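Everything below concerns the one structure shown next.
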Amino acid sequence: MADSAFESKFELLRQISAQYHFLGNSYVYVHIKHPQGDFPSDNIPVKNEGMAMLLVKEGEIDLEINLQRFTIGADCFVVVPHGVTVNYFGYNNPRLEMFMLSFSTDFLHSVNINFTAISIPTFIDRQSPAQKLSESECSLLLKYFDLLNLNASATVNEHIENNIAASLMAAMVYQLVQFHYKRIGSVSATKGQRSCRNAYVHDFMKLVHVHYSRERSVSFYADKLCISPKYLSLLVKETTGKSAARWIDEFVLMEAKNLLRFSGKNVQQVAYALNFSNQSSFGKYFKHMTGQSPTEYQKS
């Protein structure tokens with residue numbers, strides 16, 4: 001994978017894994033089931049390179065992301081994005097069954113999807129990185145994990161296996177997007193009726209997901225919802241704790257970061273992809289929001 005600390009973490013996991021497969025430098029599949037024996041407790045936080053996906057089937061595990069600790073329970077799914085500092089605790093829980101896929105940066109470059117799709121919040125104001133899955137959703141997602149495991153263990157033609165993996169990864173991401181839209185559609189009051197205020201906020205989030213790469217104006221979304229920008233901003237702020245403008249910026253920034261890191265596009269191409277008038281205006285926007293220029297972020 002990307003660095004020795006990252007690889008050594010997986011080497012430790014190999015000791016307690018029921019199944020463990022690498023596909024070259026593309027990804028690793030790990031299945032931990034009811035681990036026996038001791039596992040080193042002096043874990044060291046590691047900066048995540050690439051992208052990791054975790055699915056906890058039984059028991060629970062503690063996950064520390066950027067020094068904030070979360071407990072991930074059964075039937076919960078987590079995406080650990082590139083660049084965050086991550087640490088894992090509780091591998092020696094005898095009730096634990098967990099599946100992990102970790103994809104390298106180079107592999108992600110080959111996958112033709114919009115990675116923002118799996119970074120958007122499933123629930124607008126949720127405080128945990130974990131997404132609770134239904135039994136059917138968990139079963140379906142496990143099939144993708146199983147296929148990627150079988151692909152990694154095939155060892156027939158690595159070039160073909162990488163292409164298979166890229167297609168499976170893209171399909172899994174779009175499946176996650178479908179889960180997301182299902183939840184947006186089902187977030188409602190009892191008997192399927194939402195309050196008018198909540199309806200506006202959820203419809204706003206759906207619109208941002210569709211239009212953020214072209215439209216960054218709150219007034220655009222307010223017009224779509226037939227309310228004033230001021231009223232929309234008030235509703236979104238009261239419901240989520242963040243302003244409408246901030247939500248739009250978060251979608252734009254997530255996509256900008258993914259394009260800069262994973263797409264192979266230069267800064268000017270990213271600027272145009274996100275509908276900025278020129279590279280300079282995009283650079284000023286990005287630095288104002290992140291404290292780094294696009295070029296500095298791309299090289300970091």
Q. Counting Lys +1, Arg +1, Asp -1, Glu -1, what net charge surrounds Glu60 among other residues with beta carbon under 15 Å of its beta carbon?
A. 0
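In the stretch 201-300, what is the volume of the convex hull around the alpha carbon atoms, normalised per residue and reported in Å³?
Cα-based convex hull of the stretch 201-300, divided per residue, equals 97 Å³.
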Q) Kirkwood hydrodynamic radius (Cα pairs, Å) of the stretch 249-300? A) 10.5
(Q) Sort Phe286, Phe276, Phe99 by Cβ crowding within 10 Å, fewest neighbours at the top. (A) Phe276, Phe99, Phe286
Q | Filtered trypsin sites (Lys or Arg not before Pro), the stretch 196-241: DSSP coil and at most 13 other beta carbons within 10 Å | A | Arg214
Q: For a footprinting-style exposure proxy, rank Tyr297, Tyr272 by other Cβ within 10 Å, fewest first.
A: Tyr272, Tyr297
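Throughout, read-outs are computed from the coordinates displayed, never taken from laboratory work. It should be emphasised that the depicted structure is a prediction, and the values quoted were computed from it without experimental measurement. Virtual Cβ from ideal backbone geometry, glycine too; neighbours counted across all protein chains shown.
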